[in-house]
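As structure tokens, the structure follows; a few thoughts come after it.
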Amino acid sequence: MPLPIKKILIANRGEIAVRVMRACRELGIKTVAVYSDADRAALHVRTADEAYPIGPPPARESYLDIAKVLDVAKRSGADAIHPGYGFLSEKSEFARACEEAGVIFIGPPSSAIDAMGDKTRARAKMMSAGVPVVPGDNGPTGRGFPSAEAALESALKIGLPVMLKASAGGGGKGMRLVDDEKKFVAAYQGAQREAKSAFGDDAVYLEKAVLRPRHVEIQVFADQQGNTVYLFERDCSIQRRHQKVIEEAPSPAVTPELRRRMGEVAVKAASAVGYVGAGTCEFLLAEDGSFYFLEMNTRLQVEHPVTEMIVQRDLVHLQISVANGHPLPFKQDDLKVHGAAVECRIYAEDPLKFLPSPGKITQLRQPSGPFVRDDSGVYEGSEISVYYDPMISKLITWGPTRAEAIDRMARALSEYRVGGIKTNLAFHRRVLKNEDFRRGRYDTSFIEGHKAELLRPLELDENDDSLDAALTAAVLHAVESAPKVAAASDGTAPSTERSAWQTNRLL
Ligand code: MV4
């Protein structure tokens, strides 16, 4: 394959496609977008040097179609493909198909994706590499149990509460917590059923349940020469239904000593599977400070920017450099944590029900200013489609201390305006005000535990700028209650309609 890479096809959409294209532009690399019929006017298409249609809106018929994506790579003369996250990013068939087509896959070797893709296999591999995993049982053959009764016997040996998990799974699908022996068999059968329908494989394994854990993940990076380093941790404990909402780096729960120990374990995990490029090892961090490997994500993650902020390095630049065969430009000891960063995922969704709110973005003001980064996939006038993830942007702030990063995030959120669709902006503003969050005292049960405060209906006082909101309300009231509106000298009359922008201002 001719090096260096001169043209990259980005097999993705939305903010991550735009983010990768930005890095390419900085490096003098040409970019190729692919897009579905729903994305003809999308930002990633407008950002690329060239763009090719790849089919109907459903991802299965476009962004997930390996043959179509590789055909565009060939036609456009792309040397490499960046898969972003989601879609084809963790499909080893795709990495393999790229390898076979002579196109560089900007990611790990397909063998490393396979080694981490199956959760029981990965668990066994990690145990033999000396990586701590949650005490548990993969079953007599390593792929589940012959019967629910056999699983129960093992569960009682481990000690309740236990977690039932799908062998083929990940991400919480088919997962069940069992704290009562009498409920075990029903839970086991339920987990099997869910695993079968989600993954076509009903194997279920057992783990001791870690109560009120934090989700702490370590960013790792490896080059083709066998050097592997860790780029410290992110705390992703603020989640709802396994969907991350706020992430930060470093974790307020991790001491320098724990950081080093977790980092070294993550490097060991990556090395054990011959990892190359950017990857993330997910851990559960227990209240007593013990930690356990859960799974490895073999891609660049959504929340990578908080790491970029604290290590002051561009991870996409590094991915491309490693794909070009260059050794990592630093050693572990060259890396240190600079300040703190927070990321809020801004979604087009009903803030109370957490349901997607697709539609046209009629008004948009995205925050900026010192140490504020908005990684956006949209523009004013663009559509949030029903077909894909309804993320509008990722808002990231940095500060020399965690408190300053948080205050800066509150400021940035106060600037953010979206009209035409519902968003979770008010939810984020509430979390940022929460004392437990501000103190860094939270775990994966944070949102559930603060439901009443975080999900109560919206009120006028919601606005960070309550005086401004009150003024807007007063003006609206005056306008609406006026019997007649005088026409301006040019013959136009001020609208008495509440625009989406105004409505949004009040939220
Ligand atoms: C666990 C656990 C407690 N004990 N495993 C959820 C998603 C999947 N990646 C693993 N998950 C969990 N596994 C044991 N043995 C608690 C969770 C969990 C969780 C983990 C990370 C972030 C949020 C979570 C929310 C609920 C449960």
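The values are calculated or read from the model by the stated rules, or taken from the named source; none is laboratory data. This structure is a prediction, so every number in the text was calculated from the model and none was measured. Quick reminder, even Gly has a Cβ in these numbers, built from the backbone with ideal geometry, and neighbours come from all protein chains shown.
Do we find that ASP288 is over 14 Å from the mean Cα position of the chain (by Cα) and not hydrophobic (A, V, I, L, M, F, W, C) in this structure? Quick ask: steps written out before the conclusion?
On the way: over 14 Å from the mean Cα position of the chain (by Cα): yes; not hydrophobic (A, V, I, L, M, F, W, C): yes.
Criteria met by ASP288.
Just the residues that are of a type outside the set (D, E, K, R) and in a loop (DSSP other than H, G, I, E, B), please, taken from the stretch 148-190. Break it down stepwise before answering.
First, pick out the residues of the stretch 148-190 that are of a type outside the set (D, E, K, R): 148, 150-152, 154-156, 158-164, 166-172, 174-175, 177-178, 184-190.
Listed by number, the residues that qualify are GLY159, LEU160, PRO161, SER167, ALA168, GLY169, GLY170, GLY171, GLY172, GLY174, MET175.
Looking at the stretch 191-218, which of its residues are outside any loop (DSSP other than H, G, I, E, B) and surrounded by fewer than 19 Cβ atoms within 10 Å (Cβ to Cβ)?
Step one: of the stretch 191-218, the residues outside any loop (DSSP other than H, G, I, E, B) are 191-199, 204-208, 214-218.
Those that are outside any loop (DSSP other than H, G, I, E, B) and surrounded by fewer than 19 Cβ atoms within 10 Å (Cβ to Cβ): ARG193, LYS196, SER197, ALA198, PHE199, LYS208.
Could you grab me the full set of residues in the stretch 232-259 that are modelled with pLDDT under 95, in contact with a strand residue (DSSP E or B) (Cβ under 9 Å, 6 or more places away or on another chain) and of a type in the set (D, E, K, R)? Walk me through how you get there before you give the answer.
First, the residues of the stretch 232-259 that are modelled with pLDDT under 95: 240-243.
Keeping just the survivors that are in contact with a strand residue (DSSP E or B) (Cβ under 9 Å, 6 or more places away or on another chain) gives 243.
Passing the criteria: none in range.
Condition first: modelled with pLDDT of 95 or more, in contact with a strand residue (DSSP E or B) (Cβ under 8 Å, 6 or more places away or on another chain), closer than 17 Å to SER89 by Cβ and surrounded by fewer than 21 Cβ atoms within 10 Å (Cβ to Cβ). Can you find one or more residues in the stretch 59-68 that meet it? Step through it out loud before you land on a result.
First pass over the stretch 59-68, keeping only residues modelled with pLDDT of 95 or more: 59-68.
Narrowing the set further to residues that are in contact with a strand residue (DSSP E or B) (Cβ under 8 Å, 6 or more places away or on another chain) leaves 62-63, 68.
Imposing the further condition that a residue be closer than 17 Å to SER89 by Cβ reduces the set to 62-63, 68.
Subset that is surrounded by fewer than 21 Cβ atoms within 10 Å (Cβ to Cβ): 68.
Within the stretch 59-68 (the criterion being modelled with pLDDT of 95 or more, in contact with a strand residue (DSSP E or B) (Cβ under 8 Å, 6 or more places away or on another chain), closer than 17 Å to SER89 by Cβ and surrounded by fewer than 21 Cβ atoms within 10 Å (Cβ to Cβ)), the answer is yes, since at least one residue qualifies.
For the list (1) surrounded by fewer than 20 Cβ atoms within 10 Å (Cβ to Cβ); (2) modelled with pLDDT of 95 or more, I need the number of the one condition that MET262 fails.
MET262 satisfies every listed condition except (1).
What helices (runs of 4 or more DSSP H) completely inside the stretch 357-460 contain at least 3 residues that are surrounded by 15 or more Cβ atoms within 10 Å (Cβ to Cβ) and either more than 16 Å from the ligand (Cβ to nearest atom) or not small (Gly, Ala, Ser) (or both)?
Numbers: elements: 402-415, 425-433, 435-439, 446-449, 451-454.
Those helices (runs of 4 or more DSSP H) span 402-415, 425-433.
Conditions tested, residue by residue: (1) in a helix (DSSP H, G or I); (2) within 16 Å of the ligand (Cβ to nearest atom); (3) buried (at least 21 other Cβ atoms within 10 Å of the Cβ); (4) touching a residue at least 40 places away in the same chain (Cβ under 8 Å).
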site	(1), (2), (3), (4)
ARG75	yes, no, no, no
GLY86	no, yes, no, yes
ALA95	yes, no, yes, no
ALA115	yes, no, yes, yes
THR120	yes, yes, yes, yes
ARG123	yes, yes, yes, yes
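May I ask you to list the residues in the stretch 8-26 that are surrounded by fewer than 20 Cβ atoms within 10 Å (Cβ to Cβ) and within 20 Å of CYS98 (Cβ to Cβ)? Walk me through it before giving the result.
The initial filter retains those residues of the stretch 8-26 that are surrounded by fewer than 20 Cβ atoms within 10 Å (Cβ to Cβ), namely 22-23, 25-26.
The one that is surrounded by fewer than 20 Cβ atoms within 10 Å (Cβ to Cβ) and within 20 Å of CYS98 (Cβ to Cβ): ALA23.
I'd like the residue in the stretch 134-162 that is of a type in the set (A, V, I, L, M, F, W, C) and buried (at least 21 other Cβ atoms within 10 Å of the Cβ) and, out of all such residues, is farthest from the ligand (Cβ to nearest atom). Give the steps one after another, and end with the answer.
Of all residues in the stretch 134-162, those of a type in the set (A, V, I, L, M, F, W, C) come to 134, 145, 148, 150-152, 155-156, 158, 160, 162.
If we keep only those that are buried (at least 21 other Cβ atoms within 10 Å of the Cβ) too, we end up with 134, 145, 151, 155, 162.
Working: VAL134: 4, PHE145: 17, ALA151: 15, ALA155: 12, VAL162: 8 Å.
Restricting to residues being of a type in the set (A, V, I, L, M, F, W, C) and buried (at least 21 other Cβ atoms within 10 Å of the Cβ), the top hit is PHE145.
Given (1) surrounded by 19 or more Cβ atoms within 10 Å (Cβ to Cβ); (2) touching a Phe, Trp or Tyr at 6+ places or on another chain (Cβ under 8 Å), where does THR31 come up short, assuming only one miss?
Tallying (1) surrounded by 19 or more Cβ atoms within 10 Å (Cβ to Cβ); (2) touching a Phe, Trp or Tyr at 6+ places or on another chain (Cβ under 8 Å), THR31 fails exactly one: (2).
When residues of the stretch 204-223 are filtered for being within 16 Å of the ligand (Cβ to nearest atom) and of a type in the set (Gly, Ala, Ser), how many remain?
Residues of the stretch 204-223 that are within 16 Å of the ligand (Cβ to nearest atom), as a first pass: 204-218.
Narrowing the set further to residues that are of a type in the set (Gly, Ala, Ser) leaves 209.
Counting residues in the stretch 204-223 that are within 16 Å of the ligand (Cβ to nearest atom) and of a type in the set (Gly, Ala, Ser) gives 1.
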